1. Can you show me the helix-derived [θ] at 222 nm for the chain, built from DSSP H runs with n ≥ 4 at -39,500 (n - 2.57) apiece and divided by the number of residues, rounded to the nearest 500.
2. If the label point is 7 Å along Cα→Cβ of K19, which residues in the range 52-68 have backbone nitrogen under 20 Å from it?
3. Keeping the other protein chains in place, figure out the carbon and sulfur percent of the accessible area of the chain, with a 1.4 Å probe.
4. DSSP beta bridges in the chain, what fraction antiparallel, as a percent rounded to 5?
5. Suppose R0 equals 25 Å; then what is the FRET efficiency for E318 and V189 from their Cβ-Cβ distance, rounded to the nearest 0.05?
6. Quick check: the distance between the Cα centres of the range 404-421 and the range 99-157, to the nearest angstrom?
7. Which order do S129, S293 take when ranked by solvent-accessible area (1.4 Å probe, heavy atoms of all protein chains), largest first?
8. Among the listed pairs K328/K365; K141/K162; K19/K141, which are separated by more than 20 Å between their Cα atoms?
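The values are calculated or read from the model by the stated rules, or taken from the named source; none is laboratory data. Bear in mind that the values here come from a model prediction, so they are computed numbers and not experimental data. In this analysis, Cβ positions are derived from the backbone assuming ideal geometry, glycine residues included, and neighbour counts consider all displayed protein chains. Protein only, heavy atoms only, side chains kept; ligands, DNA and RNA dropped before computing areas. Shrake-Rupley method; radii C 1.70, N 1.55, O 1.52, S 1.80 Å.
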Amino acid sequence: MNSKAVWSNWSGAHQVTPKQVLHPASTADISAAIETAISQGRKLRPIGSGHSFTGCAVAADTQLDLSRHQGVVAVNAEKKQVTLRGGTKLWQIPPLLAPLGLAMQNLGDINRQSITGAISTSTHGTGLSFGGLGSQVAGVKLIDGTGAEITIDDSDPEELDKYRVTLGTYGVISEVTLQLVDDYDLKVVERPESLDLVLGSWEHLNRNNDHFEFFWFAEADRVVTKTSTRVQPNELPRTPDRRVADFINEELIGNAAFAGLVGVGRLIPGFTGRLNSFATAAWGSSERVRNWSAGFASPRRVKFNEMEYAVPFAAVPEILRELRSQFKRRGLVSTFPLEVRAAAVDTGWLATSYGRETGYIAVHKPAHEDYREYFAVCESVFKAHSGRPHWGKMHSLTDTDLAERYDRWDAILELRNRHDPHRIFTNKYLTQVFGY
Ligand SMILES: Cc1cc2nc3c(=O)[nH]c(=O)nc-3n(C[C@H](O)[C@H](O)[C@H](O)COP(=O)(O)OP(=O)(O)OC[C@H]3O[C@@H](n4cnc5c(N)ncnc54)[C@H](O)[C@@H]3O)c2cc1C
């Protein structure tokens, strides 16, 4: 189908009008699209929900929109695994799993992404005992750039590690099998704390809680922590969805206050620092019990651009102290809080937490603001601590930097040569990352 419609990623930073948009509804349709691209010498890029901040999903030629390729293919109750079509959205998964009494092991802070888009960029949540979403992959079926259909499962874990996180560079994932766990609820506690106290207890807070993260407005010496404890479903009474206290914390403060800050900060920039301190203080303590998905994910309605780096877990306090002094010295201000999380060692070759316990530090700028100076200052600190960029979030690293940061880089390039010899899946961003 020809298209004149402009496609844009979530933040609006990347826009493109693909020459054609295809909507495959089966593995056979995906294979046919790839065969055509090979025979006609075209480029092709699959998209999920367009929630990446980098240009990884930008398709100038053929865009493969997987939104008609959704739902459950198979359930293996004994192994607690489910096989999903590649276009399934994360928010569609909990109701599919609920009747089975199963749940995903972990999730990030939103659920709008597609499952294959999320795993492809090494999307993660928080929790030092939990890897990224790629670690939940127990099998994939992908159609590569030669037209071959490749199926890998957990009977060969070393082979699977090559395909847990792929950036969509080896092929289009038609189906993904997830390793699930028994259903659980989360008891979520949010509370203000002192930054120094949290940095001093960073390791303790992560080793002694299932899921710990915190938000820091860069001008304030206070943070808001979010600590989530896994409990049996309905072991504690679930908090009603529309309880007023939740509405204030999640909607009014969590989103509308950000919007207010963004608007006011734009009009009177000098006020931003003071408003940020106010917002951290106003974001009071809250407790709620939710089923796993609703406990992890919240709506994010204010548009922003984001950079996030995976750094060695133990280096997080030092990095944040360094950022604090850089922000002060340069007078840098942000209307969005930094988000700081942790994850277990991952085995996926292109996982950002490959081979090391990881801390994640994310920095944001409202979509209408110039992010370049702020992100560049943060990136120089992350780089100096052997940081690896989130594949779906803004960064300036190229293949030379990345080769130093990924042990299996040469083997990854070989895999790409084998699976996509004609480079039908490439675009500007993949050329930046892989060098050609
Ligand atoms: C508000 C917001 C909150 C976020 N929160 C988090 C978070 O908590 N943690 C985190 O780690 N990240 C987070 N992200 C980043 C987001 O999870 C990733 O960028 C993710 O890749 C987006 O998924 P998507 O479905 O939109 O994929 P897209 O952005 O559409 O695509 C991502 C990549 O996957 C490829 N791809 C898509 N489908 C396939 C397929 N079937 N086969 C092969 N390749 C494919 C695309 O070509 C592209 O390279 C957030 C982003 C936003 C906008």
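1. -7500 deg cm²/dmol
2. 56-66
3. Of all accessible area on the chain, carbon and sulfur atoms account for 52 percent.
4. 90 percent
5. Numbers: r = 27 Å, r/R0 = 1.06.
Working from the Cβ atoms, E equals 0.40.
6. If we compute the Cα centre of each part, the gap is 20 Å.
7. Ranked from most to least accessible, the order is S129, S293.
8. Too far apart for the 20 Å limit: K19/K141.
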